[in-house]
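Have a look at the structure below, then the notes.
Taken together, the values in this text are just the output of simple stated rules run on the coordinates, not laboratory data. The structure presented is a predicted model; accordingly, all values stated were derived computationally and were not measured. As a convention, Cβ positions derive from the backbone with ideal geometry for all residues, glycine included, and neighbour counts pool all protein chains shown.
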Amino acid sequence: MEFISWVILGASAVGILAMSLRACVAAVQGRRKIASRSATIAAAIFTTYVVLLLAVSIPSAPRNLRLGEQECFGDWCASVVQAEQEGGAVSVILRTDNRRQNSAVRPQSPRVQILDTAGRAAALVTVPTPALDAPVPPGESVTRQLVFSTPPGASELHLEITEGPWFSSLLIGSPNAPFHNRPRVRIE
């Protein structure tokens, strides 16, 4: 599925770029009809892609994970081993596992955040050691503690783990896409 999403994104980007370039060249040459048609096609490709991205993201069902249940991102997986809330702080023990048996794996831009029902994010108080993107040796796991400070009045907290560079949010079906329900662990 991810490969197809990359192909659709690439084809859409090439189409938008080609039609935009054609519109600019035609406009400079004074060929208004071609410029207008090319700009309209570029806008139609862009609009179709955004509608498709949102049509897949919005109805996605939230996936509620239990403590210890893994969320996998290619060759590595993450799981919340323990999560405790005390007053305005949440302490989380996070484990990352390498599913490769022959080489280390480095998570690519992993993000861990705690959100409340209003969508407000808790602030990370401690820098985890090792870092979230530290390499995990072949077939092994790394455990780290993260401490968050929750916003005043926060309720029904949940933790979300995502991975990938910013442009992965442009992929259709990606958990990083806008309005896509991400896998989450409820903090009791």
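Work out the length of the dipole vector of the chain about its Cα centre, built from +1 on the beta-carbon of each Lys and Arg and -1 on the beta-carbon of each Asp and Glu, and round it to the nearest 20 debye. All intermediate terms of the calculation are to be shown ahead of the outcome.
On the way: 17 positive and 14 negative charges, 238 e Å.
I would put it at about 1140 debye.
Scanning the chain for trypsin sites (Lys or Arg not before Pro) in DSSP loops with at most 16 other Cβ atoms within 10 Å, what's the longest stretch left with none? Kindly include the intermediate steps, with their values, before the conclusion.
Working: sites that count: Arg31, Arg63, Arg66, Arg99, Arg100, Arg120.
It works out to 121-188.
Just want to confirm a number: the relative contact order over the range 64-186, from Cα pairs under 8 angstrom separated by 6+ residues, in percent. Could you put the intermediate results ahead of the total?
Details: 271 pairs, mean separation 34.1, N = 123.
Normalised by residue count, the contact order of the range 64-186 is 28 percent.
Only bridges with both residues in the chain count here: give the DSSP antiparallel percent, nearest 5. Please list the in-between numbers first.
Details: 35 of 37 bridges.
Around 95 percent of the beta bridges assigned by DSSP in the chain are antiparallel ones.
For Phe179, project a label point 7 Å along Cα to C-beta. Then give me every residue of the range 58-89 with its amide nitrogen under 18 Å of that point.
Within reach of a label on Phe179, which here means backbone N under 18 Å from a point 7 Å along Cα→Cβ, the range 58-89 contributes 58-63.
With everything on Cα atoms, drop me the angle between helix 2-28 and the longest principal axis of the chain, reported from 0 to 90° to the nearest 10.
40 degrees
Just to confirm the number: angle between the C-alpha axis of helix 32-57 and the first principal axis of the chain, 0 to 90 degrees, nearest 10?
Helix 32-57 sits roughly 20 degrees off the main axis of the chain.
Defining a contact as two alpha carbons under 8 Å apart and six or more residues distant in sequence, what relative contact order in percent does the range 2-57 show? Could the numbers behind the result be given before it?
On the way: 34 pairs, mean separation 19.9, N = 56.
Relative contact order of the range 2-57: 35 percent.
Just to confirm the filter: which GluC sites (Glu not before Pro) across the range 72-142 are DSSP coil and have at most 14 other Cβ within 10 angstrom of their Cβ? Mind dumping the intermediate values first?
Details: sites: Glu84, Glu86, Glu140; in loops: Glu140.
The qualifying sites are Glu140.
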